[in-house]
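Comments concern the structure below.
Taken together, the values in this text are just the output of simple stated rules run on the coordinates, not laboratory data. Just so you know, these numbers come straight off a predicted model, no measurement behind them. Neighbour counts run over all protein chains shown; Cβ positions are idealised from the backbone, glycine included.
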There are 4 protein chains.
Amino acid sequence: MSRALNAENVLEAGGRLAAEAARFTSFGWMRGTSGNLSEVVTREPLRLAVTASGLDKGELAASDVAVVGPDGEPVEVGGIEPLVPSAEAGLHARVAALTGADAVVHVHALNAVVAGHHWPRGVLLRDVETLKGIGRLAHDDEVVIPVIANSQDMRELGDRFEAAYDPRTPAVIVADHGLYAWGPNLKRARHITECVEWLLAYKIATR
Amino acid sequence: MSRALNAENVLEAGGRLAAEAARFTSFGWMRGTSGNLSEVVTREPLRLAVTASGLDKGELAASDVAVVGPDGEPVEVGGIEPLVPSAEAGLHARVAALTGADAVVHVHALNAVVAGHHWPRGVLLRDVETLKGIGRLAHDDEVVIPVIANSQDMRELGDRFEAAYDPRTPAVIVADHGLYAWGPNLKRARHITECVEWLLAYKIATR
Amino acid sequence: MSRALNAENVLEAGGRLAAEAARFTSFGWMRGTSGNLSEVVTREPLRLAVTASGLDKGELAASDVAVVGPDGEPVEVGGIEPLVPSAEAGLHARVAALTGADAVVHVHALNAVVAGHHWPRGVLLRDVETLKGIGRLAHDDEVVIPVIANSQDMRELGDRFEAAYDPRTPAVIVADHGLYAWGPNLKRARHITECVEWLLAYKIATR
Amino acid sequence: MSRALNAENVLEAGGRLAAEAARFTSFGWMRGTSGNLSEVVTREPLRLAVTASGLDKGELAASDVAVVGPDGEPVEVGGIEPLVPSAEAGLHARVAALTGADAVVHVHALNAVVAGHHWPRGVLLRDVETLKGIGRLAHDDEVVIPVIANSQDMRELGDRFEAAYDPRTPAVIVADHGLYAWGPNLKRARHITECVEWLLAYKIATR
């Protein structure tokens, strides 16, 4: 990302995040005020626009966005009201830093949590066409969606993510919690999220 | 609530109740004319605005609202047509009085009735992130959604609710019937309802 | 019904049928061009407005309506294009004649066909609050949704319906086929259909 | 089809394909950018308008369409931007050529892939009314939805399709992949797709 860190770019990101959040809410993946989405605004230093905490994800405005740095800490941007970011913003930043992804999706999709329950050591997928939708092969490619233990400490959760991370697989399940997925932009992250959820639904339906 | 008991405030509440009811109807949680929502208008004396009985909950107008007192009895308010409140308004009032909640949601969410069937002595939940959405902890916190036997006598149902009530848990399942959830305002009650339903769906999916 | 049998009344009925059909289509209960809805226009002689055959039930216009008599035979009405009624119109007329209902709903709701498969001698329901939504009691009232064998002969199907009919129960499952439900008007028939479907979903989920 | 192969006709087809794709996306059958739809524009030579590759199927414009020949190869049409067709366009063309259908639907409907998993030698359906929706009989008619092995080679996949093809059955499941269905026009192909999916859901629910 070479965008400048200014109010215009943050609000543009906020508008995109709000639209995506409304979509995922319509799928039932952001019940209550759960989940959060982010976009990288600048890489050096790392700054992310992330949906603000505690709001209904189906009703966000472009301005319902917070800016955070690499540890999820709030960062001031002129012209942007300093909303409280989700505590999980720290994991978003960690995902963006480690994977190079410029968009990160975190949703409480039921199938992800159910799959994490059934396969706590990772969800093995292979020989399904939809794997192409997450950048893998439809045949003879063993794909494991990692499952990591939940934590309220984002540093601990980030370390678990880093230990489990396979650069070929753009998603991770946080056990008893939800799904993270990412991509080079928000639309691609949407498509990866949708495909992973479909694959997990299929895995559950055929267990 | 320090609002005055007048037509304007009742109709404002009615508009909010109608919008929430349409949302829950879209989820399939208010089939037929089932369920009802309420808001406290005044605390002393206790007066609630509650959705009128017998109407499609996806098509309510702001004026499709009744005003009731602590036993669910109709209360006249100038400028408000005296619609028939649901018989269940008595339980809404009881919930509001006992819990201090200013908004109460009652829906016939299928997962709530299925969970009540499987766990008639209460639905135990623990170690799920979404528990934070109902004000509990994501780890090591044993949460029980109480299940009480159904009754057509609101006094009896209210007594069962009172006996089962745990101030830490903002929801109760009425067996063979549906779900009650509540919060300090209608939006918070919505989010609690959504989280409880998600938790029950998860519990059922992993039993 | 004391309405005159004229184009205006038929088209008014057609508009209501179209709106209800769009609703049921959104629920997935009218896939393909399946199902049909009807309203009685006159009782003597018996004339029903019924959705025309072969059309997408989510896209009907008010004029996509046919008029039939007691055997489902087409009846000419001035100003109404003589569209082909569904073959099933004969059963609609039979239901209206026998039950006195002025509105009949027939949908291919999956849960109805699944329930008919599991309980081919009738689906027993009791002690569920939602039974009140179909005019029965929430406690100690044994309700059986009859299941009759499918047929392409509407006279045969009508005879089976008549043999199975219990005036207290406003719905019947046609095995391997779908659900019929009825009420004094289309909105009430909608609510009964919704409640029966919910009850069948609950029965299946707890078997 | 006797339409001329020109930009107007291709864009008209593109508009219809976009609308149908949005519908199927709303059903969850085109997650990510999966699936593709096509219409025959001319028969001699065989030319199909097919949804362009890599786009969200819920957001297509009329111009998001590619034109292909009998092997799925791109064909230039004046006034039409040469978008990349899906690799699967080759199978669409093969289906159109073999079956005579002028519209082909390919979706990643979960139930189709689950059914292919459970019944890898074909899904037997009989004695269900909804079979009439795909041109078969409601009674005593053994219908088999063929299941063919997946491949990335459209010629191989086409050969498997040809070997499995029964002219009476307008659909095929590609194992570990998705569903193909077809009809004389796009609306009919929609209805067949909906009915097949319903039938597979029913088969799975009663296994």
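Tally up the residues in region D:55-77 that are out of contact with any Phe, Trp or Tyr (no Cβ under 9 Å at 6 or more places or on another chain) and either surrounded by fewer than 15 Cβ atoms within 10 Å (Cβ to Cβ) or not small (Gly, Ala, Ser) (or both), please. Spell out how you get there, then give the answer.
To start, the set of residues in region D:55-77 that are out of contact with any Phe, Trp or Tyr (no Cβ under 9 Å at 6 or more places or on another chain) comprises D:55-56, D:59-77.
Applying the additional criterion that residues be either surrounded by fewer than 15 Cβ atoms within 10 Å (Cβ to Cβ) or not small (Gly, Ala, Ser) (or both) yields D:55-56, D:59-61, D:64-65, D:67-68, D:70-71, D:73-77.
Count: 16.
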Original post:
Can A:Ala189 be described as within 14 Å of chain D (Cβ to nearest Cβ), in contact (Cβ under 8 Å) with a residue 12 or more places away in the chain and not acidic (Asp, Glu)?
Top reply: yes
Original post:
Within region B:135-158, how many residues are more than 13 Å from B:Gly116 (Cβ to Cβ) and either in contact with a Phe, Trp or Tyr (Cβ under 9 Å, 6 or more places away or on another chain) or not hydrophobic (A, V, I, L, M, F, W, C) (or both)?
Top reply: 12
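Residues in region C:175-206 that are of a type in the set (A, V, I, L, M) and under 16 Å from B:Met30 (Cβ atoms): how many?
Residues of region C:175-206 that are of a type in the set (A, V, I, L, M), as a first pass: C:175, C:179, C:181, C:186, C:189, C:192, C:196, C:199-201, C:204-205.
This time we only want the ones that are under 16 Å from B:Met30 (Cβ atoms), so: C:192, C:196, C:199, C:201.
The qualifying residues number 4.
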Original post:
Which one of these does A:Ala175 not meet: (1) in contact with a helix residue (DSSP H, G or I) (Cβ under 8 Å, 6 or more places away or on another chain); (2) surrounded by 24 or more Cβ atoms within 10 Å (Cβ to Cβ); (3) among the aliphatic types (A, V, I, L, M)?
Top reply: (2)
Original post:
Hey, does region B:194-207 have a residue that's within 14 Å of chain C (Cβ to nearest Cβ), closer than 14 Å to B:Val123 by Cβ, surrounded by fewer than 21 Cβ atoms within 10 Å (Cβ to Cβ) and without any contact (Cβ under 8 Å) to a residue 24 or more places away in the chain?
Top reply: yes
Original post:
Picking from B:Glu129, B:Glu156, B:Glu88, B:Glu162, which residue would you name as being surrounded by 17 or more Cβ atoms within 10 Å (Cβ to Cβ) and within 19 Å of the chain's Cα centre (by Cα)?
Top reply: B:Glu88
**OP:** Take region A:69-95 and flag every residue that is within 25 Å of B:Ala138 (Cβ to Cβ) and not hydrophobic (A, V, I, L, M, F, W, C).
**Re:** A:Gly69, A:Pro70, A:Asp71, A:Gly72, A:Glu73, A:Pro74, A:Pro85, A:Ser86, A:Glu88, A:Gly90, A:His92, A:Arg94
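Out of D:Leu179, D:Leu157, report the one residue that is touching a Leu at 6+ places or on another chain (Cβ under 6 Å) and within 14 Å of chain A (Cβ to nearest Cβ). Before you say what the answer is, go through the steps one by one.
On the way: D:Leu179 fails: touching a Leu at 6+ places or on another chain (Cβ under 6 Å).
Being touching a Leu at 6+ places or on another chain (Cβ under 6 Å) and within 14 Å of chain A (Cβ to nearest Cβ) holds for just one of D:Leu179, D:Leu157, which is D:Leu157.
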Original post:
Which of the residues that make up region A:120-138 are part of a loop (DSSP other than H, G, I, E, B) and charged (D, E, K, R)?
Top reply: A:Arg121, A:Arg126, A:Asp127, A:Arg136
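Any idea which residue in region A:98-123 is nearest to the other protein chains (Cβ to nearest Cβ), counting only those that are under 11 Å from A:Val147 (Cβ atoms) and surrounded by fewer than 24 Cβ atoms within 10 Å (Cβ to Cβ)? Lay out the reasoning, then the answer.
Initial filter on region A:98-123 (under 11 Å from A:Val147 (Cβ atoms)): A:112-113, A:115-123.
Right, trim to surrounded by fewer than 24 Cβ atoms within 10 Å (Cβ to Cβ) and you get A:117-123.
Details: A:His117: 5, A:His118: 8, A:Trp119: 12, A:Pro120: 12, A:Arg121: 16, A:Gly122: 17, A:Val123: 14 Å.
Taking the candidates together, the pick is A:His117.
This table checks each residue for (1) under 16 Å from A:Arg190 (Cβ atoms); (2) of a type outside the set (Gly, Ala, Ser); (3) in contact (Cβ under 8 Å) with a residue 12 or more places away in the chain; (4) within 14 Å of chain B (Cβ to nearest Cβ).
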| site | (1), (2), (3), (4) |
| --- | --- |
| A:Thr25 | yes, yes, yes, yes |
| A:Ser38 | yes, no, yes, no |
| A:Thr51 | yes, yes, yes, no |
| A:Glu59 | no, yes, yes, yes |
| A:Leu83 | no, yes, yes, no |
| A:Gly90 | no, no, yes, no |
**OP:** Report the residue count in region B:137-150 for those that are crowded, with 19+ Cβ neighbours inside 10 Å and either out of contact with any strand residue (DSSP E or B) (no Cβ under 8 Å at 6 or more places or on another chain) or within 14 Å of chain A (Cβ to nearest Cβ) (or both).
**Re:** 1
Original post:
How many of the residues making up region C:170-207 are under 13 Å from the mean Cα position of the chain (by Cα), under 26 Å from B:Asn111 (Cβ atoms) and among the polar types (S, T, N, Q)?
Top reply: 1
